[in-house]
1. Heavy atoms only, probe 1.4 angstrom, no DNA, RNA or ligands counted: give me R245, R59, R48, R159 ranked by accessible area, highest first.
2. Provide the solvent-accessible area of K62, counting protein heavy atoms only and rolling a 1.4 Å probe, rounded to the nearest 10 Å².
3. Cross-link list K145/K346; K145/K234; K234/K346; K175/K250; K145/K250: which exceed 25 angstrom alpha carbon to alpha carbon?
4. For the chain, find the longest principal axis of its Cα atoms and tell me its angle to the long axis of helix 66-78, 0 to 90°, nearest 10.
5. I need the trypsin sites (Lys or Arg not before Pro) found in the stretch 198-250, filtered to DSSP loop residues with at most 13 other beta carbons within 10 Å of theirs.
6. With θ taken as phi - 60° and the coefficients 6.51, -1.76 and 1.60, list the Karplus ³J(HN,Hα) couplings across the stretch 289-305 in order, rounded to whole Hz; mark glycine and proline as x.
7. Probe of 1.4 angstrom, ligands and nucleic acids ignored: what's the accessible area per residue over the chain, in square angstrom?
8. Can you find, among P194, V82, L277, the residue sitting farthest towards the positive end of the charge dipole of the chain, where Lys and Arg contribute +1 and Asp and Glu -1 at Cβ?
Amino acid sequence: MNLDDAKEERSRIIDHYFEMRDLDPRERVTTLAVAPRPDLHLSVGYIRRSDRRYGLEVRIRKDDGIAASYAASVREKYGGDVSISRIGRVEVPSRARILRAEQAIVFPDRRRPLVLGASVAHRDAMAGSIGLFAEWREGALAGRKGIVSNSHVLALAGRGRRGDPVYQPGRPDAKPLLAELQIATLSNFTVLSPTGTQELDAAVACLADETLVGEGNVIPAGLAGGGQGSRRLKGVAECETLGPRPRVCKVGRSTGLTTATITAIGLDNLSIYVPDLRRNIRFDNVFEITWDSPDDVFAGPGDSGSVVYDPATMNAVGLVFAGSLRDVDGTTVGTSYACGLVGVLKAFGLSMLS
């Protein structure tokens, strides 16, 4: 099937699944669509398998139950155009997971000028990563520069307020959290909510001193991971523009520069647990990145907000915001989930700094 067919079939499959569950159309974009019962969780996306061919990617939480039975019927109907994988609970990293993370942190320190991947956070949040340097295209802040990361990093998943302080480094890297570490004020953010579908976990903060940008959107030098250091991001792009099962990189606070493979794009009805809200909420149009092996970590606690980019074109495609586990041929490997960067910049009226 082609891309348009894949998108259309994805939506049709999810709609039919809700009909089978007798879920009222008004309730399909609420937490009822992502009920706590793992056997009901079903998400559908697609992936480019060759230059002109796409396939459907179905994700379930249990090997038996309602969602698994329905997924099997989908595979029977579409045959080799469908791939089904079991995943664990997808979740935004909790404060506890960030605090007890055992790996060595790559960017825990104070960075002046600022760099991509550096530790950053709202005053009352746990550290994530600087994902991108951007500037406002219009409005009262036109021409001003800011930093982009996740809403749960800079804006408490939507519970923050405009004007709240943002620090670099953030907690727990800053001990104590000093006033002199404030680099920006919160300007805009997505409000994560159990009502309605979410596509973005994103926020932007306006820099107090624009000289903090330094070299801007350049991959920091000296990182392990394949000679990407000092290369500049050239632009932003949708995942659909990448080749079949593309390899992508990310640079983040905890694990630095890493590489893995996009295994699903346009995932709809993905249930994600958000600790700040203490519940599952529905995300649509996110993409999945599967690690090469259980030991080849792509993103860990504290990497939230990291920019995901295509090393072939140096185009940025997304921001990491959640993670899980996935069964791949009998082996459990990690997965990371990201929201599209084109949508983030459009929502906030931003352009990537060149």
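The values are calculated or read from the model by the stated rules, or taken from the named source; none is laboratory data. Only a predicted model underlies this, so the values are computations on that prediction, with no experimental measurement involved. Cβ: placed from backbone, ideal geometry, glycine included. Neighbour counts: every protein chain shown. Protein only, heavy atoms only, side chains kept; ligands, DNA and RNA dropped before computing areas. Shrake-Rupley method; radii C 1.70, N 1.55, O 1.52, S 1.80 Å.
1. Ranking R245, R59, R48, R159 by accessible area, largest first, yields R159, R245, R48, R59.
2. Accessible area, nearest 10 Å²: 90 Å².
3. K175/K250
4. Its long axis makes an angle of about 70 degrees.
5. none
6. Calculated HN-Hα couplings, in order: 10, 9, 5, 5, 7, x, 8, 8, 5, 8, 8, x, x, x, 8, 4, x Hz.
7. 40 Å²
8. L277
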